[in-house]
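S.K.: Structure provided below as structure tokens; questions to follow.
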Amino acid sequence: MRKNLPTVDSMWSDTGQPGMYTLAREGQVRHYRKHTLLMQQGDTGHQLYLVMAGRLREFSVSNDSKPREITLSIHGPGQLVGAPALDGGPHCASVIALTPVVCAVVSRESALDVIQHTPSLAMDMLKLALQRVRMATETTRLALFSDAYSRLSALLQAQSEGSVDPHGQMRQLPMTHAQIAQHIGCSREMVSRILKELVTGGYVVREPDRVYRVCKRLPERW
């Protein structure tokens, strides 16, 4: 993990996002092991994380007697996580390391100071906030108004087309059935049953790297 890691300069200096570059330079580079919990849902935020290597999973947990999880997004290199900390309020989701991760960690106070003196960063943050609102809205819409097959179908189609979807970089990752179930908010058994029928019907194939690929138009209903 520590070999050939990107630096803050190599990650952001040539991205056309001078504000993010300035913000990252204010941070401390930190390494996190796989499965490290960086943020806890409900805790007050004090730091922002700019991902340099590895992937983070943002998820929410239900408060019922049998807690369930739903993945909200996957964050990879170059992405900013923890922006809600800027208003001093509680985190609305938890964030855990899916792999070993390297981040530039910036305190809330430093981030606010940079934003005040860097208009380009304020614009980048506004664009990020609007993007996250759209993603959250789409995730909520799918969870409330569609069945498990429709959610899985939408995810598979987004993977195949390489389009932007509520799960961010998830389409680049090999996933177990349990992890897919967390992404679309249903049981692992349901995911296994649907995928088995789609594979049998020749609609989907599973590549050697465990990523599912759509071969032909998926059925409207399952």
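The values are calculated or read from the model by the stated rules, or taken from the named source; none is laboratory data. Keep in mind that this is a model prediction, so the values were computed, not measured. Backbone-built Cβ (ideal geometry, glycine too); neighbour counts: all protein chains shown.
S.K.: Out of (1) assigned to a loop (DSSP other than H, G, I, E, B); (2) out of contact with any helix residue (DSSP H, G or I) (no Cβ under 8 Å at 6 or more places or on another chain), the odd one out for G78 is which?
M.R.: If we test G78 against (1) assigned to a loop (DSSP other than H, G, I, E, B); (2) out of contact with any helix residue (DSSP H, G or I) (no Cβ under 8 Å at 6 or more places or on another chain), just (2) comes out false.
S.K.: Kindly indicate whether D64 is assigned to a loop (DSSP other than H, G, I, E, B), without any contact (Cβ under 8 Å) to a residue 40 or more places away in the chain and either within 14 Å of the chain's Cα centre (by Cα) or exposed (fewer than 15 other Cβ atoms within 10 Å of the Cβ) (or both).
M.R.: Criteria met by D64.
S.K.: Still on this structure, please answer the following. Picking from L72, L50, L80, which residue would you name as being more than 23 Å from Y21 (Cα to Cα) and not polar (S, T, N, Q)?
M.R.: L72
S.K.: Also, quick follow-up: Could you check F59 against (1) loosely packed, with under 15 Cβ neighbours inside 10 Å; (2) touching an Asp or Glu at 6+ places or on another chain (Cβ under 6 Å) and say which number it fails?
M.R.: That leaves (1) as the condition not met.
S.K.: (1) within 18 Å of Q17 (Cβ to Cβ); (2) part of a helix (DSSP H, G or I): which one isn't true of V106, the others all being true?
M.R.: Here V106 clears every test but (2).
S.K.: Quick one: is L121 outside any strand (DSSP E or B), at pLDDT 85 or above and either assigned by TED's automatic domain parsing to the domain that holds G42 or in contact with a Pro (Cβ under 7 Å, 6 or more places away or on another chain) (or both)? Please lay out each step first, then the result.
M.R.: Details: outside any strand (DSSP E or B): yes; at pLDDT 85 or above: yes; either assigned by TED's automatic domain parsing to the domain that holds G42 or in contact with a Pro (Cβ under 7 Å, 6 or more places away or on another chain) (or both): yes.
Against the criterion (outside any strand (DSSP E or B), at pLDDT 85 or above and either assigned by TED's automatic domain parsing to the domain that holds G42 or in contact with a Pro (Cβ under 7 Å, 6 or more places away or on another chain) (or both)), L121 qualifies.
S.K.: Follow-up question, since we're still on this one. Would you tally the residues in the stretch 81-109 being loosely packed, with under 15 Cβ neighbours inside 10 Å, small (G, A, S) and at negative phi?
M.R.: So the count comes out to 1.
S.K.: Here is a list of conditions, (1) over 23 Å from P67 (Cα atoms); (2) modelled with pLDDT of 85 or more, and S163 meets all of them except one; can you say which number that is?
M.R.: So the condition that S163 fails would be (2).
S.K.: Which of the residues belonging to the stretch 18-50 are in contact with a helix residue (DSSP H, G or I) (Cβ under 7 Å, 6 or more places away or on another chain) and among the charged types (D, E, K, R)?
M.R.: Once the filter is applied, which keeps residues that are in contact with a helix residue (DSSP H, G or I) (Cβ under 7 Å, 6 or more places away or on another chain) and among the charged types (D, E, K, R), the stretch 18-50 yields R25, E26.
S.K.: Which of the residues that make up the stretch 25-70 are among the polar types (S, T, N, Q) and modelled with pLDDT under 85?
M.R.: We begin by selecting, within the stretch 25-70, every residue among the polar types (S, T, N, Q); these are 28, 36, 40-41, 44, 47, 60, 62-63, 65.
Across the stretch 25-70, the qualifying residues are S62, N63, S65.
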